[in-house]
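Here is the structure we will look at, set down as structure tokens.
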Amino acid sequence: MGSFDSLEWLNRFLDETPGDIEVGGPTRQVPNACWSRVKPTPSPQPKLMLWSEEMASKLNLDRPDGIVLGGNEIIEGMDPYAQRYGGHQFGNWANQLGDGRAITLGEVKLQSEVLELQLKGSGKTPYSRFADGKAVLRSSIREFLCSEAMYHLKVPTTRALSLVTTGEEVLRDMMYDGNPALETGAIVCRVAPSFIRFGSFQIHTASNDYDTLMTLVEHTVKTHFPEHSITSDEEIVQWLTHIAKKTAVMISHWMRVGFVHGVMNTDNMSIHGLTIDYGPYGWLEDYNPGWTPNTTDSATRRYRYGQQPKIGAWNLARLCEAMVPLMEDPSQLHEALEAYSQSYGELQNQMWAGKLGLSSFIESDEELIVELNALLQEVETDMTIFFRLLCSIEQPNIESLSDAFYDPSNIPTKLWNDWLSKWWKRVNGLPNRSEMIVSNPKYVLRNWMAQLAIDAAESGDFSVCEELFNLLKNPYQEQPEFEEKWFQKRPEWARHRVGCSMLSCSS
Ligand code: AMP
Ligand code: MG
């Protein structure tokens, strides 16, 4: 273990792709570039408040003070930059976006992998558009806790190393209703093989800069997909098929644990199939496929829970389109999209087999699952509690699952008992319980749980953050000491509270 100085730093993205000739500078269009060098803005009083020991030990880092992670010192070997990318936002092409408040410090070379460290909330970049480049404590806590929780849920994700409060107040109009307030500023250091997104490629195709597109594709494949090459149409399709399959895996896990990303814009889709950019995400409490936590999306609910698999396909189609200029026969790109649909279908079946403890999925199970989905929506039913209690059910009787219902006097008992009997028969009274336990988490980061951690942290007490951080390292374990507090349906106070039932993109 050591300090930032003792790490081996690389900057392959800067070495291998074209960038901005200017360093830093004002907010602007940066044509033909994949990045701009920019230094983090130093924090007035950086304090390290949350630290992931696990991530740190992977990086061989001792717990530091907040100097480097608050953006106040650049270590030799780091060459900080902001990435340029574009994206489709809510279905519309938005042109240049880029890292408006994220700054990569560098890549750390480890024995068997290379990981990129990026500060989020460390000040303006050429891509900040009209915003300040900062992040507030509440959204930083949500990103820190959720990305680490997702990792332990076995959902592919970027990770978090640290959360630093900056000692600076940041002005935010949280609900965009003309009531701005000062909030505590914070910076999360997040970690991933890279932060290259679908939109990183799209921007070059959209500006007809096929040379830069090709260079970025070559860099990405060589660096992150070394088992692939792209010397022919077939190889390009194989690479995209690989990405499609990884995306399908990620989304099938979201569906399994009840996660709603909230902003599946193409600039928020990692080329590695990792959950990235934790913003107005949420977790299903009552099982409502039409739910999205994101207020900005309330009109059409484009990114609602039940639509995530389809949006995955839509986003992949945009990525494929971006590759058209590199191909002689772009019609082959359909194969990658078909691979996504096929892969997702298979994964979905596996997911249900796991959740219901079926030894394997057979065609007739489809009916069982369709009926289950309808029943779960009949009255307000907590997804996490329902499936977790189902893991230990002894008889096909809904009474033992009554804790999953918001109104126990209103359970459609007959319908449920019919369904449970059908399922019981299907598994011969012997559901695969060990499979069920690892498919149905006991603890997830419900919005109201994160909000309690935020409320305490905003008054200087990070103990709830720490408690949740530790609880969620073992989401599939019983942890009976935490059951009463955290294995609970959404409390009434959280039903309509901002931050719990709805979230804006303001962060
Ligand atoms: P998101 O919806 O969080 O993925 O953000 C969309 C775009 O807005 C990205 O280019 C972000 O970098 C940028 N952005 C979001 N918040 C800020 C901020 N406070 N300052 C600068 N850029 C921001
Ligand atoms: Mg984003």
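How big is the Rg/Rh ratio for the chain, C-alpha atoms only, Rh by Kirkwood, two decimals?
That ratio is 0.97, to two decimals.
Place the peptides 181-188, 10-17 in order of packing, highest mean first, counting for every residue the other Cβ atoms within 10 Å and averaging per peptide.
In descending order of packing, they fall as 181-188, 10-17.
Centroid-to-centroid, using Cα positions, the range 456-507 and the range 321-378 are 31 Å apart. Shape analysis of the range 430-482 places it in the prolate category; the axes a ≥ b ≥ c from the Cα gyration tensor give an a/c of at least 1.5, with a/b above b/c. For the range 463-507, the Kirkwood estimate of hydrodynamic radius, built from reciprocal distances between every pair of different alpha carbons, is 12.5 Å.
Each Cα pair under 8 Å and six or more residues apart adds its sequence gap; the mean of these over the residue count of the chain is a relative contact order of 14 percent.
Rounded, prolate or oblate: which fits the range 314-396, taking a ≥ b ≥ c as square roots of the Cα gyration tensor eigenvalues, rounded meaning a/c under 1.5, else prolate when a/b beats b/c? In terms of gyration-tensor shape, prolate.
For S122, enumerate residues with amide H under 5 Å from its amide H, sequence gap 5+ or separate chain, H modeled in the peptide plane. Residues meeting the amide H criterion: I103.
Can you compute the label reach from E483? Point 7 Å from Cα along the Cβ direction, backbone N cut-off under 16 Å, restricted to the range 450-470. It comes to no residues whatsoever. Residues whose amide H falls under 5 Å from that of C34, counting only those 5 or more places apart or on a different chain, are G19, D20, with hydrogens built in the peptide plane.
Computed from Cα positions, the angle between helix 308-323 and the longest principal axis of the chain comes to roughly 30 degrees. Starting from the Cα gyration tensor of the range 116-242, take the square roots of the eigenvalues, sort them a ≥ b ≥ c, and report rounded, prolate or oblate (rounded when a/c is under 1.5, otherwise prolate if a/b is larger than b/c, else oblate). Prolate is the answer for the range 116-242, as a/c is 1.5 or above and a/b outweighs b/c. Annotation: amide H of A186 within the under-5 Å range of A135, V136, L137, T166, sequence separation 5 or more or interchain, hydrogens built in the peptide plane.
Which FRET efficiency, nearest 0.05, do E399 and S463 yield, Cβ-Cβ r, R0 41 Å? The computed FRET efficiency comes out at 0.65. By the count of other C-beta atoms within 10 Å, a proxy for reagent exposure, V464, V498 are ordered fewest to most as V498, V464.
Which ordering of K58, K120 is given by a fewest-first count of other beta-carbon atoms within 10 Å?
Values: K58 16, K120 26.
The order, fewest Cβ neighbours first, is K58, K120.
Debye-formula intensities of the range 359-430, expressed as log10 I(q)/I(0) at q = 0.13, 0.19 Å⁻¹, are -0.35, -0.76 (one equal scatterer per alpha-carbon, no solvent).
Using Cβ contacts closer than 10 Å as the measure, can you line up M250, M502 from fewest to most? The partial results should precede the final answer.
On the way: M250 25, M502 18.
Exposure proxy ranking, most exposed first: M502, M250.
Centre-to-centre, using Cα atoms only, the range 237-265 and the range 126-190 are separated by 23 Å. Computed about the Cα centre, the dipole magnitude for the range 172-227 is approximately 160 debye when only Lys and Arg (+1) and Asp and Glu (-1) carry charge, each at its Cβ.
For n ≥ 4 DSSP H runs only, could you compute -39500 (n - 2.57) per run for the chain, divide by its residues and tell me the 222 nm figure to the nearest 500?
The helix contribution divided over the chain gives -11000 deg cm²/dmol.
We did not get these values from a lab; they are worked out from the coordinates using the rules stated. Only a predicted model underlies this, so the values are computations on that prediction, with no experimental measurement involved. Positions of Cβ are backbone-derived with ideal geometry, glycine not excepted, and every protein chain shown enters the neighbour counts.
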